[in-house]
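I have placed the structure first, in the form of structure tokens, so that the comments after it can refer back to it.
The values are calculated or read from the model by the stated rules, or taken from the named source; none is laboratory data. These figures come from a predicted structure and were not determined experimentally. Cβ placement follows ideal geometry from the backbone for every residue including glycine, while neighbour counts extend to all protein chains displayed. For the accessible areas, the whole protein counts, side chains as well, though only heavy atoms, and no ligand, DNA or RNA atoms are used. Shrake-Rupley method; radii C 1.70, N 1.55, O 1.52, S 1.80 Å.
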Amino acid sequence: AHARGLATTLTTNGSLLARQARALVDAGLDMLVVSVDGPAEVHDHIRGKKVFSRLAEGLRVLLGLVRRPVVFVSMAISNLNSSQLVPMYDAALRLGVDGINYNHLWMQAPETVKECNALLGPGFQVGEVDWDIQPQLVDVEQVAQDLRTVKHRSRSTGMLVTETPFLDPSQIRVWYREPTRFVKFRSTRCAWIRLRVWPDGGVRACRE
């Protein structure tokens, strides 16, 4: 992909990053995204003991290489970690990455899937995503305030803060309290601009 002039991004949990860092740089990777659920104790509580230390070591190795890719950490917000947005920002600063992304997970509840499939027709059917989380338990006011806090702090630290998707406070409330309502997704471009290579070797447009 790199040889063909395409922008390449790898999303990883970071477990094997220390071992693969040099190969990724040599391959010409443009951007690396490491999924992190929170500071060390929170991440390890969700994913397993000493998982955070492995990804931190991998980031240390890769960030020390010449011609390295742009490096982000990405935090998927759920009821398991929604109080950790600011501490995760501080952890990202300590890791030395270029930026942090806060990801509002798309809750493809049965009601949403039914409505979407009725709207789109047989050519673009979607399936359920069974996240083992409870969006109704997310403190939406705290999430909105914490996102404002980290974006304000980024002006002085220089570490980029992004949000997927970008939501204003009223939309954050809808996103977590009324998951069957559509927010922002009036149209899509990703099926025409992005391909994903999955662990099984399949190549598919965007999300299926």
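Using only alpha-carbon positions, what ratio does the radius of gyration of segment 116-167 give when scaled by 2.2 N^0.38 Å?
For segment 116-167, the normalised Cα radius of gyration is 1.73.
Calculate the tail of P(r) for segment 34-126: the fraction of all Cα-Cα distances greater than 17 Å, expressed in %.
58 percent
Using a 1.4 angstrom probe, figure out how much accessible area segment 1-147 has per residue, in square angstrom, rounded to the nearest whole.
Result: 53 Å² of accessible area for each residue.
Of the trypsin sites (Lys or Arg not before Pro) in segment 1-79, which ones lie in a loop per DSSP and count no more than 15 other C-beta atoms within 10 Å?
Filter output for segment 1-79: R4, K49, K50, R67.
Carbon and sulfur: what percent of segment 36-129's accessible surface (1.4 Å probe)?
After summing per-atom areas, the C and S share lands at 58 percent.
Evaluated at 4 °C with a viscosity of 1.567 mPa s, what Stokes-Einstein diffusion coefficient in µm²/s does the chain have when Rh comes from the Kirkwood expression over alpha-carbon pairs?
Value of D from the Cα-based Kirkwood radius: 70 µm²/s.
Loop only by DSSP, 12 or fewer other Cβ within 10 Å of the Cβ. Give me the chymotrypsin sites (Phe, Trp or Tyr not before Pro) in segment 116-177 that pass, ordered by residue number.
Passing sites in segment 116-177 are F166.
Which value results when the Cα radius of gyration for segment 1-42 is divided by 2.2 N^0.38 Å?
1.35
Okay, helix-only estimate at 222 nm for the chain: each DSSP H run of n ≥ 4 adds -39500 (n - 2.57), divide by all residues, round to 500 deg cm²/dmol; what do you get?
Counting only the DSSP helices, I get -12000 deg cm²/dmol.
Projected onto the charge dipole of the chain (+1 at Lys/Arg Cβ, -1 at Asp/Glu Cβ, origin at the Cα centre), which of H43, L59, A1 gives the Cα projection farthest towards the positive end?
A1
In segment 96-137, what GluC sites (Glu not before Pro) fall in a loop by DSSP, with at most 15 other Cβ atoms inside 10 Å?
E128
Sorted by packing (mean other beta-carbon atoms within 10 Å per residue), highest first, where do 142-154, 26-38 land?
26-38, 142-154
Using a cut-off of 14 Å between beta-carbons, work out the net charge of the residues near R68 (Lys and Arg +1, Asp and Glu -1, R68 not included).
0
Given a cut-off of under 8 Å on Cα pairs at least six residues apart, what relative contact order in percent is computed for the chain?
Here the relative contact order equals 17 percent.
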